[in-house]
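Data first, discussion second: the structure below is written as structure tokens.
Readers should treat all values here as calculations from the given coordinates under stated rules, not as data from a laboratory. Keep in mind that what you see is a predicted model, and the values were worked out from it rather than measured. Ideal geometry is used to build each Cβ from the backbone, glycine not excepted, and the neighbour counts take in all protein chains shown.
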Amino acid sequence: MEQKQHEKRQPTEPVQQSADVDFPTVSFSAIFSLFFQVGLLSFGGGLAAWMYRLVVERHHWLTATDFLSGLALSQVMPGVNVANLSIYIGQRLRGLPGAITALIGLIFAPFFIIIGLAAIYEQIKAVPWAHNFLCGVATAAVGLVMSMALKSIRHTMHGIGPLAIMSSIVLTVGILRWPMVPVVLGITPVSVLLAWKTRQR
Amino acid sequence: MMRGNLLWTLFLVFVPLSLLSFGGGASIIAPLDHQAVAVHHWITQHEFVDMFAISRAAPGPGSMLVVLIGWRVAQWPGALIGAVGIFLPSSLLCYGVARMWNHYRGTAFHAALERGLAPVGTGLIIAGAWSILRASESGYSGWAIALLATAVLAWRNFHPLLVLFIGGTGYVVLVGILR
């Protein structure tokens with residue numbers, strides 16, 4: 001009975017609360033193949049956009065609101081954002097087994113590809129220009145990382161406080177090379193408190 | 001014995017990084033560099049830069065860098081430990097929180113947490129970018145490529161893979177000219 005109800009649910013309807021499983025009709029193989037596809041095609045980031053297109057727009061597995069809330073969660077939590085997002089989507093679809101299926105689907109292909117690349121690298125690293133080429137790729141990839149940071153600054157930081165928090169982390173962890181763990185554990189509560197205070201006013 | 005210890009050490013290095021990678025995998029580049037090169041001498045600074053480049057050019061999350069390091073240190077078992085160490089702890093945490101997430105959606109606490117963690121994550125990401133630039137020892141040419149790539153990716157919709165390829169080729173040419 002409950003399954004029938006879920007099947008009829010329109011994607012635009014607000015989410016009906018159920019503890020764990022919302023869409024029992026999506027099969028594990030469908031979850032695996034979707035995330036496998038995302039993992040394989042995800043060159044240079046932008047995986048969340050891919051997932052949105054497939055999960056929300058093409059398959060209507062989740063509503064847009066549902067997806068975006070999960071996206072926010074996956075960014076707040078530690079861990080690889082897209083991995084977290086996969087876990088959230090998998091969990092919404094089929095509970096714990098769904099979350100595991102989604103995560104394994106996502107990292108399956110990249111895992112073997114990167115080891116293949118590592119094996120190739122071992123062969124060519126003696127070639128003089130190989131390191132220079134990879135060095136250039138690395139510096140260009142810094143641009144990839146920085147453009148991500150710029151986007152984040154534009155969307156999430158308002159006022160001096162968050163910028164000061166951000167700069168203090170760049171200074172301590174990046175430039176002074178202090179150990180990350182104590183710095184993050186020390187600064188995070190301050191930052192959350194600051195966000196809490198500015199909201200109260 | 002030695003080998004078991006090595007795998008265990010790998011695991012112990014990756015687990016805390018997994019739980020502290022606010023803002024995504026890019027935020028642990030600096031401490032990962034420090035641990036793998038300076039503390040444990042698993043790889044040289046050169047190799048770290050090379051592996052970072054490979055992990056960015058390959059499909060999948062950039063944190064596959066950890067799998068590369070694991071592979072280099074202890075082949076397949078190391079690669080597996082790398083994947084488990086970096087994905088499992090944060091995933092368990094995320095799974096637990098995902099179940100409670102909707103309950104707190106829209107509350108003031110939720111909003112404060114979200115806004116409070118954002119600058120921490122962004123700071124770590126920039127710190128990671130900084131440490132890669134320093135580790136690459138690429139001098140002004142490296143800075144120029146990084147700046148150009150940032151500009152091109154932030155304001156124009158270039159394909160990232162194309163930018164990486166041009167960066168690599170450009171640097172080989174620059175090194176050739178400047179030498």
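Assorted remarks:
- Scanning the stretch B:106-134 for residues that are more than 8 Å from chain A (Cβ to nearest Cβ) and among the small types (Gly, Ala, Ser) yields a count of 1.
- Residue under evaluation A:ALA99, criteria (1) assigned to a helix (DSSP H, G or I); (2) within 23 Å of B:VAL172 (Cα to Cα), criterion not met: (2)
- Of all residues in the stretch A:157-180, those that are facing another protein chain (nearest Cβ under 7 Å), under 11 Å from B:ALA30 (Cα atoms) and surrounded by 15 or more Cβ atoms within 10 Å (Cβ to Cβ) total 5.
- Some residue of the stretch A:95-117 being in contact with an Asp or Glu (Cβ under 9 Å, 6 or more places away or on another chain) and among the small types (Gly, Ala, Ser): yes
- B:LEU113 vs. criteria assigned to a helix (DSSP H, G or I) and surrounded by 15 or more Cβ atoms within 10 Å (Cβ to Cβ): yes
- Scanning the stretch A:67-85 for residues that are part of a helix (DSSP H, G or I) and either in contact with a Ser or Thr (Cβ under 6 Å, 6 or more places away or on another chain) or more than 9 Å from every other protein chain (Cβ to nearest Cβ) (or both) returns A:PHE67, A:LEU68, A:LEU71, A:ASN81, A:ASN84, A:LEU85.
- Among the candidates B:ILE43, B:ILE86, B:ILE54, residue that is touching a residue at least 40 places away in the same chain (Cβ under 8 Å) and under 28 Å from A:ALA119 (Cα atoms): B:ILE86
- Filter result for A:LEU62 (touching a helix residue (DSSP H, G or I) at 6+ places or on another chain (Cβ under 9 Å), more than 9 Å from chain B (Cβ to nearest Cβ) and part of a helix (DSSP H, G or I)): no
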